[in-house]
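Here the structure is laid out as structure tokens; the discussion comes afterwards.
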Amino acid sequence: MACLVLGTESCSVYILDPEAFTIMDSLGLPSPPVFLSVSGLYDVEFRIVVACRSGELCVLKRGWQTAKVITALESQPVGLVRREKSVTVATMDNCLISINNKVKNRGRNVYHKAFQGKKVWSVTLPHSVICIERMDIPSRGMFLVAVALSSNHILVYNDKNVVDCFKTDDAVSAMKFGRFGREENTLVIGNLH
């Protein structure tokens, strides 16, 4: 079942029933959440990756009442993108960081994904980050991340490599990638002005 997931100032994540809007689960965090990345189904298995205001990156999953810290970031997060095996985080110190997780074997023929918090790569950006957005184009085998900078530039990364860069007329305040009308792969950019 699809559920609404809320992060609160009281250092909690609530999972709400989509019909009655009652709290189905309450999960604890070390500090207030800034970004959430949710995957899975509540009834089966779910994972929530949380970037906290204190700079900690945490993971929650079914059956846990409190979050487990993946890693402590060197600066506060300004964006979070999750992939199957990694988390990409933009921070206030102008860095784009990829943190990997490994699969551990726990028992016979039972696999459980556990985050290890190993930094795969880090890139220092020329200007401060406004927002980031995941840009997946599976038909072309491309899994990219768009990074909007305060200089009105948008950098498109494939892992730690810049594959495209373009400048906008105004400062970018938000981005969303996906289907827009009949177009399959569209990057919508929101400006303040």
Next on the checklist: Checking the conditions here, which among 25, 43, 93 is among the acidic types (Asp, Glu), more than 28 Å from residue 159 (Cα to Cα) and without any contact (Cβ under 8 Å) to a residue 24 or more places away in the chain?
Outcome noted: 25
Checklist outcome for this item: Considering the stretch 130-189, residues that are open to solvent by 70 Å² or more (accessible area, probe 1.4 Å) and among the polar types (S, T, N, Q), and then whichever is farthest from the chain's Cα centre (by Cα), we arrive at 139
Checklist entry - Identify, please: which residue in the stretch 12-39 is β-branched (Val, Ile, Thr) and open to solvent by 40 Å² or more (accessible area, probe 1.4 Å) and is, among those, farthest from the chain's Cα centre (by Cα)? => result 22
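If we only count strands (runs of 3 or more DSSP E) wholly inside the stretch 1-85, which ones have 2 or more residues that are closer than 27 Å to residue 136 by Cβ and not small (Gly, Ala, Ser)? Lay out the reasoning, then the answer.
Working: elements: 4-7, 12-16, 23-28, 33-41, 45-52, 56-61, 68-72, 77-82.
Hits in the stretch 1-85: 4-7, 12-16, 33-41, 45-52, 56-61, 68-72, 77-82.
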Item to check | Hits in the stretch 65-89 (condition: open to solvent by 60 Å² or more (accessible area, probe 1.4 Å) and more than 9 Å from residue 51 (Cβ to Cβ)) | outcome: 65, 66, 68, 69, 72, 74, 84, 85
Checklist entry - What strands (runs of 3 or more DSSP E) lie completely within the stretch 126-193 and have 1 or more residues being of a type in the set (Phe, Trp, Tyr), under 21 Å from residue 85 (Cα atoms) and in contact (Cβ under 8 Å) with a residue 24 or more places away in the chain? => result 142-149, 153-158, 172-180
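Quick one: in the stretch 40-55, which of the residues that are under 17 Å from the mean Cα position of the chain (by Cα) and over 13 Å from residue 87 (Cα atoms) is surrounded by the fewest Cβ atoms within 10 Å (Cβ to Cβ)?
If we filter the stretch 40-55 for residues that are under 17 Å from the mean Cα position of the chain (by Cα), which is where we start, we get 40, 46-55.
Among the residues that remain, those that are also over 13 Å from residue 87 (Cα atoms) are: 40, 46, 52-55.
Details: 40: 12, 46: 17, 52: 23, 53: 16, 54: 16, 55: 18.
Restricting to residues being under 17 Å from the mean Cα position of the chain (by Cα) and over 13 Å from residue 87 (Cα atoms), the top hit is 40.
The values are calculated or read from the model by the stated rules, or taken from the named source; none is laboratory data. Bear in mind that the values here come from a model prediction, so they are computed numbers and not experimental data. Glycine also receives a Cβ, built like all others from the backbone with ideal geometry; neighbour counts cover every protein chain displayed. Quick note on the areas: whole protein, heavy atoms, side chains included, nothing else; ligands and nucleic acids left out. Shrake-Rupley method; radii C 1.70, N 1.55, O 1.52, S 1.80 Å.
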